[in-house]
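Shown next, in structure tokens, is the structure this report addresses.
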Amino acid sequence: MNAVCKQVRDYTQDQDDAMTQDLFFHPFFERYTRDTFKAAPREHWIDGWKIEYMAIARPESLHRTPVVIIGGAFQNFNSYKYCVEQLLDAGPIVLIDLPSMGNNQQMHNALTGVSAGTLELPDLAQYLGLWVQEVQLPRVSIMGMSLGSVVASHFAEQFPQLMDRLVLMGVMQKTRESWRMLLEESLHLMKEDRMEEFGQAVVLYLVNHARLTETSLSPTAKRLFFKQMAAFASTERLRYEVNCNRLLRLRNVPIPTCSTLVAVGEYDSFTLPFENANFALQCPDMQFALIKHADHLPQLERRKETMGLFATYLRGEPIDDCVGIEPMSREQIPQLERRGERRVHLVEPCRQMHHRHDPSQCHQVTVVDINFFGVLLDAATPEAAAALIAEPRDLALALGQVGEQPLAIECLIFEQMGSQVRALFKHGYFENAERLNLLLAGDAVVENAASL
């Protein structure tokens, strides 16, 4: 009986302690629980623009510098539901959605009616800085992923006095032409209401389909991602267009001077590892790390390893022994390959290109080399090559019979060199992507030691 009474007293005391801690926990941060993500985000208004956020913490790390997370174009707060527990060891967490980003659906200023599309990425960073000051956070660390990395870099440039540490993943200093063409193509597909193709294309641009065996992205995750894109309603389409155009207008990302970790999936085909590494080299106080067996979405494919890396760095601890991570020094970075996918030669290189609207338009070409992402073609003369590049998004390369059906993939032709042209594959269909992988792994090709 005494033992039972003691258990009741201990339980009651624990409940009283918990209530007392909640009562005096923090005026800004909420205690993290498993139900945290069921609550609606909080709102803060600045000059007619709405900033949505969640601010959460645990008692044991409440004393550390808060970590503000700026996600990519498709993340919402639920995207981080299974990420924050590891990160909370590094400090309080703030998830933030700026106007027209994440799940913030504000597309017009509440006071002036001006479109959110007029806000450039540096403007969004400016409002983030104003918000940090207005909620009286004296100093923050920032974590920016993909699109969020650009906002984070601008914030670090504009508000160095507020910065502690910076984590960037999927960043490049200058955008390349082929990368911009992929974004433009996704906009074309959306405007043409080819939403099934649009959804598959976006997934295929962000997920390295040539490395699914290594990254182990589950078919379920890929399917859900595709369904999210294909089902875009008018507001989602507008937000996608706004954010794509912000990136297309971007020509340079500022280099932060604070302590910076740049991380990238070793198989990232959207923001290439060497582009991330070159950005890191410009930073005076930097660390750089490859996340093994991941592409542009390490937070999905290698969540434990990725968040473990970030939390370790944010606590100021060495990242050398982080599981699943390959840190690289300044001396090692220049040895990183510019491309990660091998080129191969076709056994029968002579092929044809057809116009997608007029199959009677036919161009004879020779495949010089090819990989999953693109192809180098020889049209025999500069004039014939010029005819190809005059149709930059409307020609499909016929690659012959693969399985029971012929395989043809539409191309984005972006560069002419004499009689040769370089082209990206559009990759608007999962089935074609899988069949191309079969072709490249089969007897129709001869390997070349060079890498793209």
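If I filter the range 184-191 for residues that are free of Cβ contacts under 8 Å to residues at least 60 places away in the same chain and among the hydrophobic types (A, V, I, L, M, F, W, C), do I get at least one hit?
Looking through the range 184-191, at least one residue is free of Cβ contacts under 8 Å to residues at least 60 places away in the same chain and among the hydrophobic types (A, V, I, L, M, F, W, C).
Could you check the range 31-48 and list, in sequence order, the residues that are farther than 21 Å from Gln126 by Cα and among the charged types (D, E, K, R)?
Residues satisfying the conditions are Arg31, Arg34, Asp35, Lys38.
Restricting the range 267-302 to residues that are under 15 Å from the mean Cα position of the chain (by Cα), assigned to a helix (DSSP H, G or I) and among the polar types (S, T, N, Q), which is surrounded by the most Cβ atoms within 10 Å (Cβ to Cβ)?
Asn276
Condition test on Thr215, is it surrounded by 15 or more Cβ atoms within 10 Å (Cβ to Cβ), on the phi < 0 side of the Ramachandran plot, touching a residue at least 60 places away in the same chain (Cβ under 8 Å) and among the polar types (S, T, N, Q)?
So Thr215 passes the test.
Tell me which residues, restricted to the range 159-183, are surrounded by fewer than 21 Cβ atoms within 10 Å (Cβ to Cβ), of a type in the set (A, V, I, L, M, F, W, C) and either closer than 17 Å to Pro284 by Cβ or over 16 Å from the mean Cα position of the chain (by Cα) (or both).
Matches in the range 159-183: Phe159, Leu162, Met181.
Under 8 Å by Cβ, and 6 or more places apart or on different chains, what pairs join a residue from the range 285-305 that is closer than 14 Å to Val167 by Cβ with one that is of a type in the set (S, T, N, Q) and in a helix (DSSP H, G or I)?
The qualifying pairs are Phe288/Asn276; Ile291/Thr306; Pro298/Thr306; Gln299/Ser79; Gln299/Thr306.
For Val368, state whether it is open to solvent by 40 Å² or more (accessible area, probe 1.4 Å), among the aliphatic types (A, V, I, L, M), assigned to a strand (DSSP E or B) and at pLDDT 95 or above.
yes
Which of the residues spanning the range 395-419 are open to solvent by 30 Å² or more (accessible area, probe 1.4 Å), more than 20 Å from Glu431 (Cβ to Cβ) and either part of a strand (DSSP E or B) or modelled with pLDDT under 95 (or both)?
Once the filter is applied, which keeps residues that are open to solvent by 30 Å² or more (accessible area, probe 1.4 Å), more than 20 Å from Glu431 (Cβ to Cβ) and either part of a strand (DSSP E or B) or modelled with pLDDT under 95 (or both), the range 395-419 yields Phe414, Glu415, Gln416, Met417.
On the basis of being open to solvent by 10 Å² or more (accessible area, probe 1.4 Å) and closer than 25 Å to Gly374 by Cβ, does Leu238 make the cut?
Considered against the rule, which asks whether it is open to solvent by 10 Å² or more (accessible area, probe 1.4 Å) and closer than 25 Å to Gly374 by Cβ, Leu238 comes out as no.
Determine which single condition Glu434 fails, assuming it passes every other condition in (1) within 29 Å of Asp268 (Cβ to Cβ); (2) out of contact with any Phe, Trp or Tyr (no Cβ under 8 Å at 6 or more places or on another chain); (3) in a strand (DSSP E or B).
Here Glu434 meets the rest and fails (3).
Go through the range 244-253 and give me each residue that's open to solvent by 10 Å² or more (accessible area, probe 1.4 Å) and not hydrophobic (A, V, I, L, M, F, W, C).
Asn245, Arg249, Arg251, Asn252
What number goes with the only condition from (1) open to solvent by 10 Å² or more (accessible area, probe 1.4 Å); (2) at pLDDT 95 or above; (3) over 22 Å from Ala40 (Cβ atoms) that Tyr127 does not pass?
The single condition Tyr127 does not satisfy is (3).
What number of residues within the range 195-220 are more than 14 Å from Tyr240 (Cβ to Cβ) and among the hydrophobic types (A, V, I, L, M, F, W, C)?
5
Give all pairs with beta carbons closer than 8 Å in which a residue from the range 354-365 that is under 14 Å from Ala379 (Cβ atoms) meets a residue that is in a loop (DSSP other than H, G, I, E, B) and open to solvent by less than 60 Å² (accessible area, probe 1.4 Å); count only pairs at least 6 apart in sequence or on separate chains.
Taking only residues 6 or more apart or on different chains, the pairs are His363/Ala379; Gln364/Ala379; Val365/Ala379.
The values are calculated or read from the model by the stated rules, or taken from the named source; none is laboratory data. Since the model is a prediction, treat every value here as computed from it, not as a measurement. In this analysis, Cβ positions are derived from the backbone assuming ideal geometry, glycine residues included, and neighbour counts consider all displayed protein chains. Ligands, DNA and RNA are stripped out before the accessible areas are found, and what is left, the full protein with its side chains, is counted by its heavy atoms. Shrake-Rupley method; radii C 1.70, N 1.55, O 1.52, S 1.80 Å.
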